[in-house]
Amino acid sequence: MVHKIIGAMIVFFCLASGFGGSTYALTFNNLPITKNTNQWVVEIHQDNPLRSNHAKHSNAYLFSVKNIGKDAENVTIEVHRNELDARKKLSLVGPAEQPIRSIKHGQALGDSRFFLSKKATEVEIVISWEDNGKKLKEPFIFTEN
């Protein structure tokens, strides 16, 4: 009898603390959100919701990128979101046919729009570039917390 009570308490505690494995959609409550490294600053902010024709299933966001490090050549930018309960990621913004020739120190790229499914829980922005012939890449992962 004591074992049943202890077992029931453990199950209750796990469910009450959110250990049940529920997933929640990514909604950025405090925008803009900025992440940076020694080379880049990436910012996500809300797009005008009136522009979005996808409002039922997704939210519209804008992202901007600024180079705060050394000059970068052949820059590509990709945006991905996670698939629920899977390790794969869906591309939201793929690399352009031609990479951006160069982004100088202090130069910013204008806002680019992407639509994020209301079921997504993670956004990844990946910047790839070349520095003196070396290929480099930095991912920026945005989650609710």
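Bear in mind these aren't lab numbers, they're just calculated from the coordinates by the rules spelled out. Just so it is clear, the structure is predicted and the values come from calculations on it, not from any experiment. FYI the Cβ positions are ideal-geometry reconstructions off the backbone, even for glycines, and counts take in every protein chain you see.
Neighbours of Asp111, meaning other residues whose beta-carbon lies under 11 angstrom from its beta-carbon, give a summed charge of -1 when Lys and Arg score +1 and Asp and Glu score -1. Using the structure shown, list the pairs from Lys66/Lys119; Lys70/Lys118; Lys35/Lys89; Lys56/Lys137; Lys66/Lys134 with a Cα-Cα distance above 25 Å, or answer none. The answer is Lys66/Lys119; Lys70/Lys118; Lys56/Lys137. Distant-in-sequence amide contacts of Asp131, defined by a placed amide H-H separation under 5 Å and a gap of 5 or more residues or a different chain, comprise Leu136. A simple count of charges around Ala72, restricted to other residues whose Cβ falls under 13 Å of its Cβ and scoring Lys, Arg +1 and Asp, Glu -1, yields +2. Whole-percent P(r), region 24-142, all Cα pairs, 5 Å bins from 0: 2, 11, 21, 24, 18, 13, 8, 3, 0, 0.
Full extension of the chain segment joining Val93 with Asn132 gains 11.4 nm, where the gain is 0.36 nm per residue of separation less the Cα-Cα distance.
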